[in-house]
1. Identify all residues within the stretch 170-221 that are surrounded by 13 or more Cβ atoms within 10 Å (Cβ to Cβ), within 26 Å of N121 (Cβ to Cβ) and charged (D, E, K, R); write none if there are none.
2. Within the stretch 127-169, take every residue that is among the acidic types (D, E) and more than 30 Å from N181 (Cβ to Cβ) and give me the one that is least open to solvent (accessible area, probe 1.4 Å).
3. Let me confirm something: among A148, A199, A193, A204, which residue is assigned to a helix (DSSP H, G or I) and in contact with a Leu (Cβ under 6 Å, 6 or more places away or on another chain)?
4. Right, E173: among the acidic types (D, E) and free of Cβ contacts under 8 Å to residues at least 24 places away in the same chain or not?
5. Would you say R29 is open to solvent by 20 Å² or more (accessible area, probe 1.4 Å) and closer than 14 Å to G186 by Cβ?
6. Quick one: which of A20, A40, A36 is over 28 Å from L152 (Cβ atoms), hydrophobic (A, V, I, L, M, F, W, C) and open to solvent by 30 Å² or more (accessible area, probe 1.4 Å)?
7. So if I check each of S75, S83, S15, which one is open to solvent by 30 Å² or more (accessible area, probe 1.4 Å) and not aliphatic (A, V, I, L, M)?
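The values are calculated or read from the model by the stated rules, or taken from the named source; none is laboratory data. Just so you know, these numbers come straight off a predicted model, no measurement behind them. A quick note on method: Cβ atoms are made from the backbone with ideal geometry, for glycine too, and the neighbour counts reach across all protein chains shown. Ligands, DNA and RNA are stripped out before the accessible areas are found, and what is left, the full protein with its side chains, is counted by its heavy atoms. Shrake-Rupley method; radii C 1.70, N 1.55, O 1.52, S 1.80 Å.
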Amino acid sequence: MILLLIGVAITLWASYNIKATFKKYSQLRYSKNATAEVVANWILKQNGITNVRIERIPGSLTDHYDPTQKVLRLSDSVYGSVSMAAIGVAAHECGHAIQDKTGYTFLRIRKAMVPLVNIANYAGYVSILIGAIFSLLDLIWIGIALEAIILLFQLVTLPVEFDASKRALNQVEELGILDNNELKYGKKMLVSAALTYVAGAATAMLQILRLILIFGGRRDD
């Protein structure tokens, strides 16, 4: 129960932190008055990326880069915004597009794991539930192993996200997108976003540890 509460607390803190940071820097206007979509286009072109299109999608902080379809998706709260928060998010997603172009190893691994993770995410819980109901310990351990795949995916995601933020900071500095005063705001926004993934990995780890502690001492009937 304690591990569960810790996991929930970490998740809630990370969610609050990114939303609060985004809200704070959404109130700071970008000095060049260019929208996040325009800035994203500029970064892509300056890196010779011409096969990636930018799309607007519903929601807030739903932004992501899809390497399978070569699409950079910016949320309603980012796409047409001229805030510092929006510029930071757009630059981060461009970082992923640059990773894709350069064949960044961890992005390739993450991409290859997606189909397996989609199966494991569902099958893991089902296996644990059925195993617990019918006291089938082997099935429970299969479920825990599937959950471990999700944890591995989370761990692989960490270097992908931190590297994307690093590339984003390099881009906004080298291309003169942000001035020296604005760079510190962009960095805080990107660090806050990366911490969300750290929290996700920590939560997944605690969940597996909790399952091991619950079922580790049991025997099949």
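1. R210
2. First, the residues of the stretch 127-169 that are among the acidic types (D, E): 138, 147, 161, 163.
Still in the list and also more than 30 Å from N181 (Cβ to Cβ): 138, 147.
Values: D138: 108, E147: 15 Å².
By that ranking, first place goes to E147.
3. Numbers: A148 fails: in contact with a Leu (Cβ under 6 Å, 6 or more places away or on another chain); A199 fails: in contact with a Leu (Cβ under 6 Å, 6 or more places away or on another chain); A193 fails: in contact with a Leu (Cβ under 6 Å, 6 or more places away or on another chain).
Checking each option against the conditions leaves just A204.
4. Numbers: among the acidic types (D, E): yes; free of Cβ contacts under 8 Å to residues at least 24 places away in the same chain: yes.
For E173, the condition - among the acidic types (D, E) and free of Cβ contacts under 8 Å to residues at least 24 places away in the same chain - is met.
5. On the way: open to solvent by 20 Å² or more (accessible area, probe 1.4 Å): yes; closer than 14 Å to G186 by Cβ: yes.
Taking the combined requirement at face value, the residue satisfies it.
6. Numbers: A40 fails: open to solvent by 30 Å² or more (accessible area, probe 1.4 Å); A36 fails: open to solvent by 30 Å² or more (accessible area, probe 1.4 Å).
Exactly one of A20, A40, A36 is over 28 Å from L152 (Cβ atoms), hydrophobic (A, V, I, L, M, F, W, C) and open to solvent by 30 Å² or more (accessible area, probe 1.4 Å), namely A20.
7. Values: S75 fails: open to solvent by 30 Å² or more (accessible area, probe 1.4 Å); S83 fails: open to solvent by 30 Å² or more (accessible area, probe 1.4 Å).
The conditions single out S15.
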